[in-house]
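The values are calculated or read from the model by the stated rules, or taken from the named source; none is laboratory data. Only a predicted model underlies this, so the values are computations on that prediction, with no experimental measurement involved. Backbone-built Cβ (ideal geometry, glycine too); neighbour counts: all protein chains shown. Keep in mind that these areas ignore ligands, DNA and RNA; they rest on the heavy atoms of the full protein, side chains included. Shrake-Rupley method; radii C 1.70, N 1.55, O 1.52, S 1.80 Å.
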Amino acid sequence: MNPYVLTILISSLGIGTTLTFMSSHWLLAWMGLEINTMAIIPLMAQQHHPRAVEAATKYFLTQATAAAMILFASTTNAWITGEWNIQQLSHPPSTTLITFALALKIGLAPMHFWMPEVLQGLDLTTGLITATWQKLAPFAIIYQISSTTNPTLLTILGILSTLIGGWGGLNQTQLRKILAYSSIAHMGWMIIILQFMPKLTLLNLAIYIIMTSAMFMMFKYNNATKISYLTLTWSKSPVLAALTMPMLLSLGGLPPLTGFAPKWLILQELTKQNLAITASIMALATLLSLFFYLRLCYTMTLTLAPNTTNTPSIRRIKSPQTTMPLAMVTTLTILLLPMTPTILSLIT
């Protein structure tokens, strides 16, 4: 892609997200979401491959549907209440419709069907942007309307997303689909705590972005798109293979890794709100996700691809890719848990 065109598209992604962050008016927020969608479509279709074009088309249709729902619901709310302010969303049907539209935008179950199919058709770099950056603008709106949304609806969406995200990833062999279902499960954790402690949702979102970025960069470094490709990792880069195991376990939420912190704090808050059964369901649903993370760990560290002995060692081939961003997010993915008390004091 032409560097000038790429610069314009990346700038538009940033401008769209920033516009939604800054807006308190529904039309301005909607405009930011639309700029975001329009900017990423050419990035998705740049490969000129049928799968990439199909993914871009599916993404456009789902995001356009969600944007139309947001515009319709916000207009209805303004018509009835005379208020365009995002935080003054007081008409119950409009609130419910906007909640479903934003759930469709971020890929919450049961509006999640587009997410695995779209990610599967993209290259790993565009997939990384779709799974991380594209969640920021919708979450900015979700955060602002958290006080007016229906708590029962949020709880149902959260539990469904965690269960479907874990269940859907069990039988997958494509790494991008596994990360898509992982994303759906993490969205469920974020949405279920939104009604009680919105700042904890933002903490979970930040840690999710760090962990998902680490996994996408690791797959990009190894040019891996299927589970079977991971068997070559130990030969290519033994250190990275050893570090990937705690990264995957961190995604699963095991102590003493970074991913344990948000799950621990969310379960603690749910228990404080006398929702012990909900907390138990969420904790048990995480075991489904943990299974396919452990499956990836097993493939990377305990299996080797069949190699002939008369070939030169593959580990001597130097990768042309930059490793500094990967090193940074890997460190954050593994070692942030001791900072939890400090982070907690900042968000409370």
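A few points about this structure:
- For His25, His91, the ranking by accessible surface with the largest value first comes to His25, His91, using a 1.4 Å probe.
- Residues in region 166-206 that a label on Ile347 would reach, taking backbone N under 18 Å of a point 7 Å out along Cα→Cβ: 183-206
- Computed with a 1.4 Å probe over protein heavy atoms only, the accessible area of Thr340 comes to about 10 Å².
- Folded to 0 to 90 degrees: helix 151-168 orientation relative to the chain principal axis, Cα: 20 degrees
- Note on Arg176: accessible area is roughly 40 Å² with a 1.4 Å probe, heavy atoms of protein only.
- For region 30-101 versus region 154-178, the spacing of their alpha-carbon centroids is 23 Å.
- Between the amide H of Gln172 and any residue lying 5 or more places away or on another chain, no distance stays under 5 Å, with hydrogens modeled in the peptide plane.
- When Ser12, Ser147 are compared by accessible surface with a 1.4 Å probe, the order from highest to lowest is Ser147, Ser12.
- Distance (nanometres) between label positions extended 7 Å along Cα→Cβ at Val53 and Val239: 4.4 nm
- Taken over region 98-160, the ratio of Cα radius of gyration to 2.2 N^0.38 Å equals 1.19.
- Degrees between helix 50-81 axis and first principal axis of the chain (Cα, 0 to 90, nearest 10): 20 degrees
- For Lys226, the residues whose amide H sits under 5 Å from its own are Leu175, ignoring neighbours fewer than 5 places away on the same chain, with H placed 1.01 Å from N.
- For the chain: accessible area per residue (Å², 1.4 Å): 45 Å²
- Heavy-atom accessible area, probed at 1.4 angstrom with all protein chains present, ranks Phe292, Phe60 as Phe60, Phe292, highest first.
- For region 1-94, the fraction of alpha-carbon pairs in successive 5 Å shells from zero, as %: 2, 14, 19, 19, 17, 11, 8, 6, 3, 1
- Values of log10 I(q)/I(0) for the chain across q = 0.09, 0.10, 0.13, 0.15 Å⁻¹ run -0.49, -0.61, -1.02, -1.34, by the Debye formula with one identical scatterer at each alpha carbon and no solvent.
- Kirkwood Rh, angstrom, region 125-193 [1 / mean 1/r, Cα pairs]: 12.9 Å
- Alpha-carbon radius of gyration plus Dmax, which is the widest Cα pair, for region 180-240 in Å: 15.3, 47
- When the solvent-accessible area of the chain is split by element, carbon and sulfur atoms take up 69 percent of it, the probe being 1.4 Å.
- With Cα atoms, 0 to 90° folded angle of helix 92-106 axis to the chain main axis: 20 degrees
- Full-extension gain in nm, Tyr229 to Ile41, via 0.36 nm per residue minus C-alpha separation: 64.9 nm
- Expected 222 nm ellipticity per residue - DSSP helices of 4 or more, -39500 (n - 2.57), all of the chain, to 500: -24000 deg cm²/dmol
- Paramagnetic label zone (point 7 Å from Cα along Cα-to-C-beta, Met22; backbone N under 16 Å) in region 107-133: none
- Relative contact order of the chain, pairs being alpha-carbon contacts under 8 Å that are 6 or more residues apart, as %: 15 percent
- Centre separation in Å (Cα based) which lies between region 194-266 and region 1-21: 26 Å
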